[in-house]
Amino acid sequence: MYYGEIKNCDIANGEGVRVSLFVSGCTHHCKDCFNPQTWNFTYGQPYTEETEAELLHLLAPHYIDGITLLGGEPMEPDNQRALLPLLRKIREQYPQKSIWCYTGYTLDKDLWHPDGSTPDSRAYCEVTDEMLSHIDVLIDGEFVAELKNISLRFRGSENQRIIDMEKTRASGEVVLWGSKNDDVNRVMRMKDQPKTER
Ligand code: SF4
């Protein structure tokens, strides 16, 4: 895996103060993508053991709330395989810190089926279930230029969802994330989602 950037004090891509990792490689090619250079799987620098150690080090300060994975597409299979060891170590070393992840895939279509069946998508692979098990909040869905809304918190277009993964795993249906000051704490099922071009 390659990555384009690491931010050590990011307040724009998730709740609180976060470390952000922008991975390279994305096969969605959304119209008006904000970061098209990251479509290339070899954009930026190779992700190495030293990179992983640096990320774990950056997560140590008490004021860091967690890590956000974005890109590019963290849920491309090759990127999932490279990121899983990092997520395991974060869970071991920093169980109180949160893991947020952005994906252009749709959770309950491409990555996880509430009925337990295996998703038939180009994203699903042998590590996807474990990868998802470590994620606290998943922002899913491609960026749809026609649904762009700059007033949205933590997302670019209205079709995208901020999903509470713990509640989703517990309930077996997609539950949206909401903080105390956020009015999006409500359940939205797949049938209520706007249809987007894939
Ligand atoms: S998923 Fe994200 S990085 Fe990939 S093309 Fe769409 S907006 Fe760009």
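Assorted remarks:
- Filter pass, ILE99 being touching a His at 6+ places or on another chain (Cβ under 7 Å), in a strand (DSSP E or B) and either more than 10 Å from the ligand (Cβ to nearest atom) or more than 28 Å from SER157 (Cβ to Cβ) (or both): yes
- Contact annotation: residue pairs with Cβ atoms under 9 Å, 6 or more positions apart or on different chains, pairing a residue in region 18-33 that is without any contact (Cβ under 8 Å) to a residue 24 or more places away in the chain with a partner that is surrounded by fewer than 22 Cβ atoms within 10 Å (Cβ to Cβ), are HIS29/PRO36; HIS29/TRP39.
- Scanning region 15-73 for residues that are assigned to a strand (DSSP E or B) and aliphatic (A, V, I, L, M), we see that the one that is surrounded by the fewest Cβ atoms within 10 Å (Cβ to Cβ) is LEU70.
- Leading residue by the ranking (nearest to the ligand (Cβ to nearest atom)) among those in region 56-94 that are aliphatic (A, V, I, L, M) and in contact with a Lys or Arg (Cβ under 8 Å, 6 or more places away or on another chain): ILE67
- Residues of region 122-173 classified as in a loop (DSSP other than H, G, I, E, B), under 20 Å from GLU92 (Cα atoms) and among the hydrophobic types (A, V, I, L, M, F, W, C), total: 2
- Every residue from region 102-121 that is buried (at least 20 other Cβ atoms within 10 Å of the Cβ) and in a loop (DSSP other than H, G, I, E, B): THR103, GLY104, TYR105, THR106, TRP112
- Single unsatisfied condition, THR196 versus (1) modelled with pLDDT of 95 or more; (2) within 14 Å of the ligand (Cβ to nearest atom); (3) among the β-branched types (Val, Ile, Thr); (4) over 19 Å from LEU69 (Cβ atoms): (1)
- Note on region 1-14: among residues that are more than 12 Å from the ligand (Cβ to nearest atom) and part of a strand (DSSP E or B), the one that is surrounded by the fewest Cβ atoms within 10 Å (Cβ to Cβ) is CYS9.
The values are calculated or read from the model by the stated rules, or taken from the named source; none is laboratory data. Please read all numbers here as calculations on a predicted model, not as lab measurements. Positions of Cβ are generated from backbone atoms using ideal geometry, with glycine treated the same way; all protein chains shown enter the neighbour counts.
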